[in-house]
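Notes for the one structure printed next.
The values are calculated or read from the model by the stated rules, or taken from the named source; none is laboratory data. Here the structure is a predicted model, which is why all the values come from computation and not from measurement. All Cβ positions, glycine included, derive from the backbone under ideal geometry; neighbour counts span all protein chains shown. Surface accessibility is based on the protein's heavy atoms, side chains included, excluding ligands, DNA and RNA. Shrake-Rupley method; radii C 1.70, N 1.55, O 1.52, S 1.80 Å.
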Amino acid sequence: MLHSFNLYKLGPLHEFPISATSHSPAALTSLAESLRVFLVRQLALDDAALGPQPITRVQAGLVDCTLHGPKHATHVPLLIEVDRAADDDAPTTTSTFVLLPGSPDSRHAFGVLLARSTPTALTASMITFLSTRFDTLVTPLRLPAPALLSLLESLVRSRDPDASTPTSLTFAFPPTLATEGLSSLTLTLPPPLVDALAPLELDAPHFVRALDAHFHGLTALRLADLQLVRMGGGRGTFVHSGHGGAPSDGAKIKFYRAAADERELESTLAMIVKVAEKGR
């Protein structure tokens, strides 16, 4: 099963009914109803972009995912689902929005929005709802190369030793090196090569350094001179940094079911929250 999301950075949410430590069923129901009324009005105003399908369900709840460790078990993501009736006899479409909780020492309850919606214009409506109702700023989140490299090291260390899936890395050339038709380089690393560069019995982070030396031994290039912009590895995590796309594009993340093993999903989301908070 694949879950794919676009990433957005959230500013402080003013008078938001849900906090990291207070998320009563009544508050969740009230938030869902407020969003439902807002979306119904948006559909009436702009059905050309949002489509004519009516809203059939809006529900808010919590995700059993402790991003910040067992000591902060109440700091869990907020999940909002929006169902719409499909045409004819097609199944109902569900749009999913997840608000990631800020780190325990943060003054902001939620710092990142994950969005997956059909049509994509529904994400714009969700952003408008948060911006206008709770006086916040929502912007595309981009992940810097150092953060992706740290995540890569983590995914390599926690990879499934029996997996046959290769690790995929895409590096962008800086303007000083890029030429027409050669703006990026994608490496597909089979598990035996990853094992040789980063044996599982060694816990120290060294994979990127070993890969750089291996690559330099085969070519005239150093990976240290390039920028990691897309990666897929670990047990089922794929990330695009958002760099190199349109100004309105942010990072994208995909999780396969196996990413839930060995807390890979939680550690990845926690890294994303830290990146957003450092940018404030």
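With the dipole of the chain worked out from charges on the C-beta (+1 for Lys and Arg, -1 for Asp and Glu) around the Cα centre, which of Y256, L148, P119 lies farthest toward the positive end?
Result: L148.
Over the alpha carbons of the chain, what is the largest minus smallest coordinate on each principal axis, giving the biggest first in Å?
Principal axes ranked by extent give 61, 47, 40 Å for the Cα atoms.
If R₀ is 35 angstrom, what is the calculated FRET efficiency for the pair S184 and L137, using the beta carbon separation as r and rounding to 0.05?
Working: r = 31 Å, r/R0 = 0.88.
The computed FRET efficiency comes out at 0.70.
Could you list the trypsin sites (Lys or Arg not before Pro) in segment 28-111 that lie in coil according to DSSP, counting only those with at most 10 other Cβ atoms within 10 Å of their Cβ?
Those that pass, being in a loop and sparsely packed, are R107.
Tell me which residues come under 5 Å, amide H to amide H, from G102 once H is placed; ignore anything under 5 positions away on its chain.
Under 5 Å from the amide H of G102: F110, G111.
Loop-only check: which GluC sites (Glu not before Pro) in segment 1-83 are DSSP coil with at most 10 other Cβ within 10 angstrom?
Working: sites: E15, E33, E81; in loops: E15.
In loop regions of segment 1-83 (DSSP not H, G, I, E or B), the sparsely surrounded GluC sites (Glu not before Pro) are E15.
So how much slack lies between T120 and V63, counting 0.36 nm per residue of separation and subtracting their Cα-Cα distance, in nm?
18.2 nm
Roll a 1.4 angstrom probe over the protein heavy atoms and tell me the percent of accessible area of the chain that is carbon or sulfur.
Accessible surface attributable to carbon and sulfur in the chain totals 55 percent.
With labels modelled as points extended 7 Å from the Cα through the Cβ direction, what inter-label distance (nm, one decimal) is found for L45 paired with T165?
Taking the simple label geometry, L45 and T165 are separated by 4.1 nm.
Calculate how steeply helix 145-157 sits against the longest principal axis of the alpha-carbon atoms of the chain, using the helix alpha-carbon long axis, and give the answer as 0 to 90 degrees to the nearest 10.
Relative to the chain, helix 145-157 is tipped by roughly 80 degrees.
For the chain, set up a Gaussian network in which alpha carbons nearer than 10 Å are linked by springs, and say which option among G244, G217, G51 fluctuates the most.
G217
Nearest 10 degrees is fine. How inclined is helix 207-218 to the longest principal axis of the chain, computing both from alpha carbons?
Helix 207-218 sits at roughly 50 degrees to that axis.
How much length is gained on full extension from A224 to R209, taking 0.36 nm per residue of separation minus their Cα-Cα distance?
Values: separation 15, 0.36 × 15 = 5.40 nm, distance 0.86 nm.
This chain segment gains 4.5 nm when fully extended.
Roughly what would the spin-label model give for T128 and E81, points 7 Å off Cα along C-beta, in nm?
2.5
If I take R0 = 45 Å and measure r between the Cβ atoms of D261 and S30 in this structure, what FRET efficiency does the formula 1/(1 + (r/R0)^6) give, to the nearest 0.05? Show your work: numbers first, answer last.
Working: r = 35 Å, r/R0 = 0.79.
It comes to 0.80.
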